[in-house]
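Data block below; observations after.
None of the figures in this text is laboratory data; all of them are computed from the coordinates on show. Predicted model, so just to flag it, every value in this text is computed and none were measured. So basically every Cβ, Gly included, is an ideal-geometry build from the backbone, and we count neighbours across all protein chains shown.
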Amino acid sequence: MPKQECRMDDHLAILSEISMRYAIGCGGTFDFVSNRIKRMLKSYEL
């Protein structure tokens with residue numbers, strides 16, 4: 001499981017206490033948009 005999902009799962013109780021219903025992991029998106037990483041090869045995409 002990726003790190004951001006593990007972190008969200010570990011903090012689920014705290015997030016529930018502050019009435020947070022959703023948590024969205026988007027770290028890879030920022031890396032891609034800022035050109036820090038290249039797009040995945042077509043053969044690996046789902």
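For Lys3, the shell of other residues with beta-carbons less than 12 Å away shows a net charge of -2, using +1 for Lys and Arg and -1 for Asp and Glu. Of the residues Leu12, Val33, Pro2, the one whose Cα sits farthest toward the positive end of the charge dipole of the chain, with +1 on the Cβ of Lys and Arg and -1 on the Cβ of Asp and Glu, is Val33. State to the nearest 20 debye the size of the charge dipole of the chain about its Cα centre, where the only charges are +1 on K and R beta carbons and -1 on D and E beta carbons. Using Cβ point charges on Lys, Arg, Asp and Glu, the chain gives about 340 debye. Taking 0.36 nm per residue of sequence separation and removing the Cα-Cα distance, the Ala13/Ser43 pair yields an extension gain of 7.0 nm. Our estimate of slack between Val33 and Cys6, defined as 0.36 nm per intervening residue step minus the Cα-Cα distance, is 7.4 nm.
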